[in-house]
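Participant: Would you mind keeping the following structure in view while I ask a few things?
The values are calculated or read from the model by the stated rules, or taken from the named source; none is laboratory data. Being a predicted model, the structure only gives us computed values, none of them experimental. Note: ideal-geometry Cβ built from the backbone for every residue, glycine included; neighbour counts use all protein chains shown.
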Amino acid sequence: MSPSITISLLGWSTPDGRAVLSGLNLSFTQERTGIVGRNGTGKTTLLRLIAGALQPSSGRITVNGTVGTLRQMVQVDPEDTIADLFGASAGLALLNKAEVGEADMDDLAEADWTLEPRILSALGSVGLDAEVNTRLSALSGGQRTRAAMAAVIFAEPDFLLLDEPTNNLDREGRQALLDILTDWRAGAIIVSHDRELLETMDAIVELTTLGTTRYGGNWSAYQTRKAIDLAAAQQELETAERHMAEIGRKAQQAVERKQRRDSTGKAKGARGDMPKILIGMRKEQAQNSGADNARLANRQRAETAETVKAARERVEILEPFAVTIAPTRLPASKTVLKLEHVTGGHDPTNPAIVDLSFTITGPERIALTGPNGSGKTTLLAMISGQLSPLSGRIKRGTAFAMLDQTAGLLDPGQSIADNFRRLNPDAGENSCRAALARFRFRADAALQIVSTLSGGQMLRAGLACILGSSAPPPLLILDEPTNHLDLDSIAAVEAGLTAYDGTLLAVSHDEAFLKAIGIERRIALP
């Protein structure tokens with residue numbers, strides 16, 4: 001039997017009963033499928049259900065074949081090595097026994113003499129030059145992701161399950177992953193917002209609050225089809241709204257006709273032109289007819305209202321939201337930031353940044369680039385004042401705001417609205433609510449406590465608090481801002497930053513994002 005994954009009427013709810021997935025029907029064969037959708041629609045939950053880490057609340061998942069899951073390693077045991085990640089520690093220890101002459105005949109029969117070369121080959125395939133006994137704690141986040149990817153590939157599963165695999169990878173690591181997936185001939189199910197990665201997919205599955213839709217082809221094909229679907233949905237909404245207006249108009253006409261008949265009947269009765277018994281019969285008929293008409297109109301209104309509601313939901317899901325940013329009016333001649341022979345880092349004996357100088361003038365758009373471990377985040381910490389340089393000077397010529405991928409400027413114990421008011425003390429309640437609504441935090445959603453938000457929601461809230469102000473900062477520093485945003489949010493941020501007239505200093509490995517926001521200059525760290 002060919003490897004496959006079949007999902008039937010799948011449902012899953014949180015422990016407090018909130019439905020995340022409901023009635024999903026999907027099937028996966030040996031092709032590369034990208035999973036996309038807004039934050040909170042259950043993409044990661046779906047992967048965990050397929051992997052068996054969660055159990056469905058309803059429905060079933062049938063997996064024919066083996067599954068390999070990419071581990072996202074934020075924290076690791078100080079003693080864990082690459083060999084542990086590959087599940088090869090016992091096998092390598094057996095080889096060491098054999099090499100020193102301590103293995104018996106049974107040990108030698110079990111020894112896999114190709115084990116270490118195969119592990120090193122897998123590491124090399126993702127561009128990682130490391131030994132099997134290298135401790136995971138000695139690797140950067142991006143290097144750990146590469147090692148985890150190598151371990152998944154090493155196991156040769158029938159299906160790869162990858163959740164945002166490029167989030168912590170530098171340009172070299174991303175390219176290595178793209179090369180692997182381009183040549184991958186087994187199945188792969190990949191949750192990602194990386195458009196470059198999604199371009200290599202054979203199919204795209206979109207999760208929304210209304211269910212799932214499968215699109216054949218890659219990201220570009222998906223976008224083309226989505227544009228067609230949006231136009232159709234907008235047409236359906238316009239038709240439903242016209243029907244609703246027509247029902248209301250006809251109902252009003254019926255009421256007015258009845259009122260005219262009633263008025264005529266009363267006039268005849270007053271003149272004595274009609275017998276009382278006939279007046280009573282006609283009055284009863286009119287009342288019954290009026291009640292029937294009212295019930296019919298109410299039923300038509302209710303049915304059409306449901307149609308309008310469904311059409312509006314479909315349009316909102318299909319239509320990306322837009323962001324409007326107030327002007328900073330930053331002069332082109334103003335020196336925004338100047339670094340003079342800056343050296344610094346968390347370890348004074350081994351500084352990440354050495355003798356770095358550059359100047360940013362006026363509304364430039366600059367990308368700070370370099371491989372993992374080159375000191376980009378350390379440099380941003382010094383520029384923002386979170387870390388003092390060991391030597392040299394940093395001159396800031398204007399107000400600034402910094403948003404990192406953890407949205408550290410937000411107080412996790414406060415609501416989104418409270419954070420907005422704290423960061424924008426001059427904003428009134430109406431402007432606060434309007435700004436948050438533009439980032440899809442409407443009504444009670446604006447009252448959510450930050451610590452309860454998903455990673456993508458948290459980043460969106462941080463952007464709302466910075467960019468939604470009536471006086472945004474003339475210098476905006478972004479550290480991997482797209483890592484946890486869904487594709488619609490990324491598109492909205494790109495649109496907003498394109499209209500932003502201040503200075504941008506961005507760290508990002510997302511080339512599509514850097515291109516979209518109009519980066520003019522790059523400062524490369526070795």
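Participant: Against the definition (buried (at least 17 other Cβ atoms within 10 Å of the Cβ) and assigned to a loop (DSSP other than H, G, I, E, B)), how does residue 386 come out, yes or no?
Facilitator: On the way: buried (at least 17 other Cβ atoms within 10 Å of the Cβ): no; assigned to a loop (DSSP other than H, G, I, E, B): yes.
Spelling it out, it is not the case that residue 386 is buried (at least 17 other Cβ atoms within 10 Å of the Cβ) and assigned to a loop (DSSP other than H, G, I, E, B).
Participant: For residues that are among the acidic types (Asp, Glu) and assigned to a loop (DSSP other than H, G, I, E, B), scanning just the stretch 409-433, find the one that is surrounded by the most Cβ atoms within 10 Å (Cβ to Cβ). Explain how you work it out, then say what you get.
Facilitator: So in the stretch 409-433, the residues among the acidic types (Asp, Glu) come out as 411, 418, 426, 429.
Next, only the ones that are assigned to a loop (DSSP other than H, G, I, E, B) stay: 411, 426.
Details: 411: 14, 426: 9.
Ranking the candidates gives 411 first.
Participant: Among (1) out of contact with any strand residue (DSSP E or B) (no Cβ under 7 Å at 6 or more places or on another chain); (2) surrounded by fewer than 21 Cβ atoms within 10 Å (Cβ to Cβ); (3) hydrophobic (A, V, I, L, M, F, W, C), which single condition is residue 485 missing?
Facilitator: All conditions are met except number (2).
Participant: Further, regarding this structure: So which helices (runs of 4 or more DSSP H) are wholly in the stretch 34-147 and hold at least 2 residues that are surrounded by 12 or more Cβ atoms within 10 Å (Cβ to Cβ) and modelled with pLDDT of 80 or more?
Facilitator: Numbers: elements: 43-51, 82-85, 89-99, 105-110, 115-125.
Filter on the stretch 34-147 gives 43-51, 82-85, 89-99, 115-125.
Participant: Count, please, the residues in the stretch 220-229 that happen to be at pLDDT below 85 and under 20 Å from the mean Cα position of the chain (by Cα).
Facilitator: Just the residues of the stretch 220-229 that are at pLDDT below 85, to begin with: 226-227, 229.
So of that shortlist, the ones also under 20 Å from the mean Cα position of the chain (by Cα) come out as 226-227.
Qualifying residue count for the region: 2.
Participant: Looking at the stretch 152-163, which of its residues are outside any strand (DSSP E or B) and either in contact with a Lys or Arg (Cβ under 9 Å, 6 or more places away or on another chain) or of a type in the set (A, V, I, L, M) (or both)?
Facilitator: First, pick out the residues of the stretch 152-163 that are outside any strand (DSSP E or B): 152-158.
The answer is 152, 153, 154, 155.
Participant: Taking the criterion of being touching a His at 6+ places or on another chain (Cβ under 7 Å), more than 18 Å from residue 493 (Cβ to Cβ) and not in a loop (DSSP other than H, G, I, E, B), would at least one residue in the stretch 392-408 satisfy it? Full working, then the answer.
Facilitator: Within the stretch 392-408, the subset touching a His at 6+ places or on another chain (Cβ under 7 Å) is 392, 405.
Next, from what is left, pick out any that are more than 18 Å from residue 493 (Cβ to Cβ): 392.
Checking the rest, the ones that are also not in a loop (DSSP other than H, G, I, E, B) come to 392.
Among the residues of the stretch 392-408, at least one is touching a His at 6+ places or on another chain (Cβ under 7 Å), more than 18 Å from residue 493 (Cβ to Cβ) and not in a loop (DSSP other than H, G, I, E, B), which makes the answer yes.
Participant: Another question, then. With at pLDDT below 70 and under 34 Å from the mean Cα position of the chain (by Cα) as the only criterion, which of 321, 358 stands out? It would help to see each step written out before you state the result.
Facilitator: Details: 358 fails: at pLDDT below 70.
Selected residue: 321, the only one of 321, 358 that is at pLDDT below 70 and under 34 Å from the mean Cα position of the chain (by Cα).
Participant: Where residues in the stretch 11-33 are of a type in the set (Val, Ile, Thr) and not in a strand (DSSP E or B), which of them is surrounded by the fewest Cβ atoms within 10 Å (Cβ to Cβ)? Before you say what the answer is, go through the steps one by one.
Facilitator: Restricting attention to the stretch 11-33, the residues satisfying the condition of being of a type in the set (Val, Ile, Thr) are 14, 20, 29, 33.
Those left that are additionally not in a strand (DSSP E or B): 14, 29.
Numbers: 14: 10, 29: 14.
Once the filter is applied, the top-ranked residue is 14.
Participant: Which pairs turn up if I take residues in the stretch 445-470 that are among the small types (Gly, Ala, Ser) and look for partners that are at pLDDT below 85 and surrounded by fewer than 17 Cβ atoms within 10 Å (Cβ to Cβ) with beta carbon separation below 6 Å, at least 6 apart in sequence or on another chain?
Facilitator: From residues that are among the small types (Gly, Ala, Ser), the pairs are 454/40.
Participant: Inspect the stretch 202-216 for any residue being among the hydrophobic types (A, V, I, L, M, F, W, C), within 17 Å of the chain's Cα centre (by Cα) and assigned to a helix (DSSP H, G or I) and give the result as yes or no.
Facilitator: Looking for residues that are among the hydrophobic types (A, V, I, L, M, F, W, C), within 17 Å of the chain's Cα centre (by Cα) and assigned to a helix (DSSP H, G or I), one finds none in the stretch 202-216, hence no.
Participant: Out of all the residues in the stretch 459-471, is one or more among the charged types (D, E, K, R), buried (at least 19 other Cβ atoms within 10 Å of the Cβ) and under 27 Å from residue 335 (Cβ atoms)? Reasoning before the result, please.
Facilitator: Step one: of the stretch 459-471, the residues among the charged types (D, E, K, R) are 460.
Still in the running and buried (at least 19 other Cβ atoms within 10 Å of the Cβ): 460.
Checking the rest, the ones that are also under 27 Å from residue 335 (Cβ atoms) come to none.
No, that holds for no residue.
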